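K.L.:
Mind looking over this structure? Questions follow.
FYI, it's all coordinate maths here, none of it is from the lab. Note that this is a predicted model, so its numbers are computed, not measured. Cβ: placed from backbone, ideal geometry, glycine included. Neighbour counts: every protein chain shown.
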Amino acid sequence: MSAPALSIAFFDPRHGLHCSARSGATLLFEGSHSNVLPHGPRIEPDGGGWSAELEGSFAVTLRPIADAAALGDGFFAHVCGVEGTVGGQAISCLGTVGETERTPRWEDLDALRSVSAIFDCDHAALAVSRRPRGVPGHGHEQVVGWVLDEGRPLPVEKTRISTVYDGDGRQRGAGLELWIPDEDLPRRVSGTVVAGSSLSMEGLDVHAAVFRWRMENRGGSGAYELWRRASDLAAA
């Protein structure tokens, strides 16, 4: 069996430095400005975590702070503490490492959305939504969510992602509702875009955005990425 494909993201609101990177592409954000680089970083195991380096851009280590989140279809995400440098600036922040054991079958999908909202080392929410090809709308999406609460992963029975788009189909605001067993009301997360960028990759249109999130009285940062088939012109 081949090794899982790895992706990384980190969010440093103190310095306004954020990143989303995988094989073949890196998005670096500084404040509201984005820079698309046509190369991914070198990502290697490093003492129970990972090191990621893109020459001339950043070098970071990412250490898991909770058990992996299983988000369906062979995809796992790790919430991590992140240390390193970006363009010479030292950072200490939070982020994620994604492990994809099976490449998404885009002949079966119209859209895929991933959301990360990280508040501190003990609180986070993650979600992935997959829309099967040809279904009429959100009600038929397959959505998997995960919550870290007081350092403990909680089971999630049902997850909903709601999104506000601009006229070009880019995500501007979003909300998560995550239903925990035996709780009467869902855990709610709301967010607005800080910076975003759009690109095309292997027949897919990708809208990647850094978000500022709130959950109860906590503020945090994270990402909202939308991947859809290039031939799918309808808003996802």
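K.L.:
Could you please give the count of residues in the stretch 74-109 that are outside any strand (DSSP E or B) and out of contact with any Pro (no Cβ under 7 Å at 6 or more places or on another chain)? Spell out how you get there, then give the answer.
P.N.:
Our first condition is that a residue be outside any strand (DSSP E or B); within the stretch 74-109, this holds for 74, 87-88, 101-108.
Going one step further and asking which of them are out of contact with any Pro (no Cβ under 7 Å at 6 or more places or on another chain), we end up with 74, 87-88, 102-107.
The qualifying residues number 9.
K.L.:
Still on this structure, I have one more. Among the candidates Gly24, Gly47, which residue alone is closer than 23 Å to Leu112 by Cα, loosely packed, with under 12 Cβ neighbours inside 10 Å and not hydroxyl-bearing (Ser, Thr, Tyr)? Don't jump to the end; show me each part of the working.
P.N.:
Working: Gly47 fails: closer than 23 Å to Leu112 by Cα.
From the options Gly24, Gly47, the qualifying one is Gly24.
K.L.:
Taking the stretch 63-78, which residues are touching a Cys at 6+ places or on another chain (Cβ under 8 Å) and buried (at least 18 other Cβ atoms within 10 Å of the Cβ)? Before you say what the answer is, go through the steps one by one.
P.N.:
Filtering the stretch 63-78 for residues touching a Cys at 6+ places or on another chain (Cβ under 8 Å) gives 63-65.
Within the stretch 63-78, Ile65 is the sole residue that qualifies.
K.L.:
Is it the case that the stretch 189-200 has a residue that's more than 18 Å from the chain's Cα centre (by Cα), under 18 Å from Arg113 (Cβ atoms) and surrounded by fewer than 18 Cβ atoms within 10 Å (Cβ to Cβ)? Spell out how you get there, then give the answer.
P.N.:
If we filter the stretch 189-200 for residues that are more than 18 Å from the chain's Cα centre (by Cα), which is where we start, we get none.
Checked against the condition, which is being more than 18 Å from the chain's Cα centre (by Cα), under 18 Å from Arg113 (Cβ atoms) and surrounded by fewer than 18 Cβ atoms within 10 Å (Cβ to Cβ), the stretch 189-200 yields no hits at all.
K.L.:
Among the residues of the stretch 140-183, write down those that are of a type in the set (Phe, Trp, Tyr) and either touching a residue at least 60 places away in the same chain (Cβ under 8 Å) or surrounded by 19 or more Cβ atoms within 10 Å (Cβ to Cβ) (or both). Give the derivation first.
P.N.:
Let us first name the residues in the stretch 140-183 that are of a type in the set (Phe, Trp, Tyr), namely 146, 165, 179.
Correct list: Trp146, Tyr165.
K.L.:
Looking only at the stretch 211-234, decide whether some residue is assigned to a strand (DSSP E or B), without any contact (Cβ under 8 Å) to a residue 40 or more places away in the chain and either under 22 Å from Ala70 (Cβ atoms) or touching a Gly at 6+ places or on another chain (Cβ under 6 Å) (or both).
P.N.:
Initial filter on the stretch 211-234 (assigned to a strand (DSSP E or B)): 211-215, 218-229.
In the following step, the residues that additionally are without any contact (Cβ under 8 Å) to a residue 40 or more places away in the chain were identified as 214.
When the remaining residues are screened for being either under 22 Å from Ala70 (Cβ atoms) or touching a Gly at 6+ places or on another chain (Cβ under 6 Å) (or both), the result is none.
Within the stretch 211-234 (the criterion being assigned to a strand (DSSP E or B), without any contact (Cβ under 8 Å) to a residue 40 or more places away in the chain and either under 22 Å from Ala70 (Cβ atoms) or touching a Gly at 6+ places or on another chain (Cβ under 6 Å) (or both)), the answer is no, since none of the residues qualifies.
K.L.:
For the stretch 158-188, enumerate the residues that are under 17 Å from the mean Cα position of the chain (by Cα) and not in a strand (DSSP E or B).
P.N.:
The one that is under 17 Å from the mean Cα position of the chain (by Cα) and not in a strand (DSSP E or B): Arg170.
K.L.:
Still on this model: Give Val60, Val82 a once-over and let me know the one that is surrounded by 15 or more Cβ atoms within 10 Å (Cβ to Cβ), closer than 22 Å to Gly220 by Cβ, touching a residue at least 60 places away in the same chain (Cβ under 8 Å) and not acidic (Asp, Glu).
P.N.:
Details: Val60 fails: touching a residue at least 60 places away in the same chain (Cβ under 8 Å).
Exactly one residue qualifies, and that residue is Val82.
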